[in-house]
1. What whole number of Å gives the distance from the Cα centroid of the stretch 78-141 to the Cα centroid of the stretch 239-318?
2. Kyte-Doolittle cut-off -1.0, length cut-off 30 Å along the helix's own axis using Cα: show which whole DSSP H helices in the chain pass.
3. On a C-alpha basis, how far is the centre of the stretch 54-76 from the centre of the stretch 167-226 in Å? Whole number, if you could?
4. May I ask you to work out the translational diffusion coefficient for the chain at 4 °C, viscosity 1.567 mPa s, via Stokes-Einstein with Rh from the Kirkwood sum over Cα pairs, reported in whole µm²/s?
5. How charged is the neighbourhood of Asp106? Take every other residue with its Cβ under 11 Å from the Cβ of Asp106, and add Lys/Arg as +1 and Asp/Glu as -1.
6. Which order do the peptides 131-144, 110-123 come out in when sorted by mean C-beta neighbours inside 10 angstrom, highest first?
7. Quick one: what Rg and Dmax do you get for the stretch 31-144 from the alpha carbons, in Å?
8. Order by neighbour count: Thr280, Thr55, fewest other Cβ atoms within 10 Å first, most last.
Amino acid sequence: MRAETPRAHAVDVLLVSLGSTDGLRTADEELEDSLRRAGASVAIARPFPPTAIRTLMLTDLTWARAARAAAAHMLRQLQRSPPRAIVYSSTTAALLWPARGAIRFDAPAAGNRPGRHGLWQRPLERRRLRQAPLLLPWSEGGLREAPPAATRGGRALVLPVPVEASGEPEPVRDIAAITYAANPAKKGLARVLDAWRRVRQELPGGAQEELVVAGASADELRLAGFALEGEEGVRVVGALPAARYRALVRRARAFVCAPRREDYGISQLEALADGCPLVTTPAPGPYAALPIARDLDARLVSEELAGALRIALQDPRADYAERAREALAPFAREAIDGLVADELLPRLLG
């Protein structure tokens, strides 16, 4: 496992960073930075990514074991001066923990591991959530999905992931639509493509209009059943550095997605922060961007995705970007820093 060398003096917080997805890595980096800005010393335990396995049950087991090994290794390094608090990033990271600590999560296995996919995770998760001194869900929706018995006693503090605008708005949005398809089946890429194909020829730009597909390469998409090479009006850009990806979002007139379930939706929140109208299906799960999208323009939230996309591209609301930035104020880095300094650290270290 990889572990950052801790400072010579006592460490306030050990963050066990699972980092199994871009979203989790972003959340952990933001939390680390916020803790440091609040004056806390932080050590990070990062597991080596295990070999990819098909089933969710075994995938969770391999990641849980990797997280345990990374946490145990760091605790041995710090044994002369143990950390004052431990934060496990995700319930998966906490399942096999070597020591008790706070748990931060976007969604519990109780919500996103139904049926056989979570046979062993759900009962162990219930125990860990009961044992944790503090629960740090990303959203109220994530907290609601946790077992009621695990959340009693005022042990929860909702701590969103900060989301900021990535730059100045582009004077001309020359990309019709963009979607993020790192997990194309879960993100509903098939429905997005169907909606785009139905709407594209109706647009004034016609053949010049394009849907940008980010987050997965053409090869990865092909393996998932999407052969998009050479399709007119679709451009696959793959996984990009954050700055390049967000630059494309600022050029897009719509961010379109149709997730089967959404545990949080960082990409959607980023689109809103950059003033890009969110076209989405009303997916189940603690989808943080969904109520915001409905308030901004309910016409763009629909199971009839093609119709919603058509409205976003042909009849957009002029004040959408400005209202979106206002709605994202609670997710601003300054607001989250206030939560960390005023509420999280006193509860972690008290």
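Since every read-out is calculated from the coordinates, none of them should be taken as a lab result. Everything numeric in this text was worked out from a predicted model, so none of it was measured. Please note: Cβ atoms are built from the backbone with ideal geometry, for glycine as well, and neighbour counts cover all protein chains shown.
1. If we compute the Cα centre of each part, the gap is 29 Å.
2. Helices meeting the criterion: 56-77.
3. About 34 Å separates the Cα centre of the stretch 54-76 from the one of the stretch 167-226.
4. Calculated translational D: 61 µm²/s.
5. Here the charged neighbours net out to -2.
6. Ranked from most to least packed, the peptides come out as 131-144, 110-123.
7. 14.4, 44
8. Thr55, Thr280
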